[in-house]
Amino acid sequence: AKMAAVASELLTGWCLFGLALLAILIFCWIYVRKYQSRRESEVISTITAIFALAVALISSALLPVDIFLVSYMKNPNGTFKDWADANVSRQIEDTILYGYYTLYSIILFCVFLWIPFVYFYYEEKEEDDGSTCSQVKTALRYTLGFLTICAVLLLIGAFVPLDIPYKKNSTEWEKVKLLFEEFGSSHGLTALSFSISSLTVIGMLAAITYTAYGMSALPLSLIKGTTSAAYERLENTEDIEEVEQHISRIKSKCRDGRPLSSRDRRAIQQLEERLRTLRRRERHLEFIEKSWWAKFCEALRPLKIVWGVFFAVVALLFTVSLFLSNLDKALHSAGFDSGFIILGTNLTNPLNMLLPVLQTVFPLDYILITTIVMYFIFTSMAGIRNMGIWFFWIRLYKIRRGKTRPQALLFLCMILLLIVLHTSYMIYSLAPQYVMYGSQKYLVQLLSFLDQCIVTRTYLFLHKFWFFSAVYYFGNWAFIAVFLIGLIVSCCKGKKSVIEGEVDEDDSDMSDDELSVYYH
C-alpha cells in the first residue's frame, strides 16, 4: 500500500511536470512570436530561440524541485519516511544531479554551438547572396572559435583542480596515465562543473547589467503607467507643424533662384528625416487611439498598479536579504580563501525569517521560492527589453515588439541562459540554509544534525570551486549597487511614451504595414 501511494504521488508529479513543460513551451512560443520581426523571421532562428528560452525556464525550475525532493524524504519530526531508505535517497539525489548535468550540458551545447552557428549563418546570409553551402561553411568556421573556448574550459576543469597523489618515483608517462584515469573515474563531471561555473561568472555580469536594472525599472514603470495617446498625438501634431514651418523657411531662401548652401541642404535633409519619423509616430498613435487592446489595457490600470507595488515589495525583499546575507559573509566567513562560505546564518534576513514561517503551511514556502526564481527571470527579460543588447558602450540590437531581428532574439536567449546559471547562487545568497536543506528537521538527541539531513545537489554544485564563490560574493555587492542606481534613475524619469521603442529614425515606412498586427 505504501509503495502504491508513492507510485501514485510520482505519477501525479510527472503529470504536473508535463503540464508545466507544455505551459513553458506555449509561453516561449508566444514571447518569441510577439517580439520577432514579421518581415525577417526565419524558421530555424525561431525554433532555436523558443528552444533556448524553454531550456532557460526549465533550468530555473530545478532549484525549487531540488529543495522539495530533499525535504519530502523526511517527516516533520525529523525522521526519514519509511520508503526513503539509503538506496532510495541515493537514487533521488543522483536523479537530481544528473538532471542538472543534462540541462547544463544542453546549455553548453546552445551557448557554444547551436546559437553561435545559427547567428553567424544569418549574419552571412544578410551580407552574402551566395549558396547555402558557403554560408554554412562560414558559420561553422566562426562557430569553431566558440567550440575552442568550450574545449579549453573543459580541459582546465578536468585537469587543473585535481589533487592527484603521485608516487615518488613515478615517470612522466605514469603521471599522465594516472591523470587520465582520474578524469575517467569522475566521468568528466568536474570538467563540466568548471565550464558551467565559468559561464555562471558571465551570467553574473549579465545579471548585474540587466536583472538589477529590470528589478528597479519594471515595478516603477507599472506604477507610473504611460502617457495618454491623445495627449501625445496633440504634441506630435505640434512638432510636425513646427518642422514643416522650419523646412519652408529654409526653402524660401532659394525662391529668387539662388541655390541653397551645403549647410542648408544638410539641415533640410535632417528635418525631412525628422518629419518622416514624426509622421510614423502619428500613424502609430492613431492606431493606439482606435485599438480595443489599448482601451482594454487602460481599463486594467488599477491591476497594473497592484502588480507594480507587489514587484516593488519583492525587489526590496530581495535586495535587503541579499545585502544582509553578504554582510554576514563579510563579518563571519573565513574570507577570500574559503570563497566567503559560511555554514548557517549569523545575521538573519527577511527571507530567512519568512521561509521557516511558511514551511508550516505546505506548500507556501515552495510557492515563494518559485515566485522569486520566476521574478528573477522575468525582470531579466524586462531589463534586456528596455536596455537592448550592448557590447560595452556600443548598442548592437534593440528588442522591440514585432520588429526584433532574429540575431537579437538569439542574443536575448543566450543572455537568459547565462543569467539562469547565476540564479541558483543568487537564491542561495538570499536563503543559504533553506537552499542547503529545505524544510528538513533533525532529531536533537543525536550528536550531529549534518548526518541526518540531505544536502541539495544545488549546494554541492555551487561550491565545487571556492574561487568562483569568491567572485560571486563581490558580484552580489555590484548587483546591489546597480539596483540602487537603477532605482534612482527610474524614480527621476517621467512616464514612458505609449509607443515607447516602437518608432525609431532608422525604421522604414514598410514597418507601418504591420501596425494592425501590433495593436489589434
Quiz item: With respect to F109, is the statement that it is open to solvent by 10 Å² or more (accessible area, probe 1.4 Å), among the aromatic types (F, W, Y) and at pLDDT 85 or above true?
Solution: yes
Quiz item: (1) farther than 20 Å from S221 by Cβ; (2) surrounded by 15 or more Cβ atoms within 10 Å (Cβ to Cβ); (3) of a type in the set (A, V, I, L, M); (4) at pLDDT 80 or above: which one isn't true of I367, the others all being true?
Solution: (2)
Quiz item: For the stretch 308-340, how many residues are surrounded by 15 or more Cβ atoms within 10 Å (Cβ to Cβ) and either over 19 Å from S221 (Cα atoms) or out of contact with any Phe, Trp or Tyr (no Cβ under 8 Å at 6 or more places or on another chain) (or both)?
Solution: 16
Practice problem: Please specify each residue of the stretch 194-230 satisfying the condition of being among the polar types (S, T, N, Q) and either outside any strand (DSSP E or B) or modelled with pLDDT of 90 or more (or both). | Solution: S195, S197, S198, T200, T209, T211, S216, S221, T227, S228
Quiz item: For the stretch 36-60, which residues satisfy the criterion of being in a loop (DSSP other than H, G, I, E, B) and either touching a helix residue (DSSP H, G or I) at 6+ places or on another chain (Cβ under 7 Å) or under 18 Å from Y119 (Cβ atoms) (or both)?
Solution: S37, R38, E40, S41, E42
Quiz item: From the list R266, R258, R281, which one is open to solvent by 70 Å² or more (accessible area, probe 1.4 Å) and either in a helix (DSSP H, G or I) or among the hydrophobic types (A, V, I, L, M, F, W, C) (or both)?
Solution: R266
Self-check item: Residue selected from the stretch 22-35 under the condition open to solvent by 30 Å² or more (accessible area, probe 1.4 Å) and touching a helix residue (DSSP H, G or I) at 6+ places or on another chain (Cβ under 7 Å), by the criterion nearest to F362 (Cα to Cα)
Solution: I24
Quiz item: Do we have Y428 as in contact with a Phe, Trp or Tyr (Cβ under 9 Å, 6 or more places away or on another chain), open to solvent by 20 Å² or more (accessible area, probe 1.4 Å) and of a type in the set (S, T, Y) here?
Solution: no
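Can you report the number of residues in the stretch 318-334 which are free of Cβ contacts under 8 Å to residues at least 12 places away in the same chain and in a helix (DSSP H, G or I)?
Going through the stretch 318-334 one residue at a time, the tally reaches 1.
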Practice problem: Show the residue pairs that are 6+ apart or on different chains and have beta-carbon atoms under 6 Å apart, the first residue being within the stretch 488-509 and basic (K, R) and open to solvent by less than 80 Å² (accessible area, probe 1.4 Å), the second being modelled with pLDDT of 80 or more and not in a helix (DSSP H, G or I). | Solution: K496/T226
Self-check item: Unmet requirement for T360, which otherwise passes all of (1) in a loop (DSSP other than H, G, I, E, B); (2) open to solvent by less than 80 Å² (accessible area, probe 1.4 Å)
Solution: (2)
Practice problem: Would you check if K403 is touching a residue at least 60 places away in the same chain (Cβ under 8 Å) and surrounded by fewer than 20 Cβ atoms within 10 Å (Cβ to Cβ)? | Solution: no
Quiz item: If you go through the stretch 364-398 one residue at a time, how many are under 19 Å from the mean Cα position of the chain (by Cα), of a type in the set (D, E, K, R) and assigned to a helix (DSSP H, G or I)?
Solution: 1
Self-check item: Neighbours by Cβ (under 9 Å, 6+ apart or cross-chain): first from the stretch 227-244, touching a residue at least 24 places away in the same chain (Cβ under 8 Å); second part of a helix (DSSP H, G or I) and small (G, A, S)
Solution: A229/A294
Self-check item: Which numbered condition R233 fails, given (1) modelled with pLDDT under 55; (2) open to solvent by 60 Å² or more (accessible area, probe 1.4 Å)
Solution: (1)
Quiz prompt | Every residue from the stretch 203-226 that is more than 11 Å from I419 (Cβ to Cβ), of a type in the set (S, T, Y) and open to solvent by less than 40 Å² (accessible area, probe 1.4 Å) | solution = S216, S221
Quiz prompt | Filter result for the condition that a residue is open to solvent by 20 Å² or more (accessible area, probe 1.4 Å), touching a residue at least 60 places away in the same chain (Cβ under 8 Å) and not polar (S, T, N, Q), over A61, A56, A52 | solution = A61
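The values are calculated or read from the model by the stated rules, or taken from the named source; none is laboratory data. This structure is a prediction, so every number in the text was calculated from the model and none was measured. FYI the Cβ positions are ideal-geometry reconstructions off the backbone, even for glycines, and counts take in every protein chain you see. These accessible areas exclude ligands, DNA and RNA; they are computed on the full protein's heavy atoms, side chains included. Shrake-Rupley method; radii C 1.70, N 1.55, O 1.52, S 1.80 Å.
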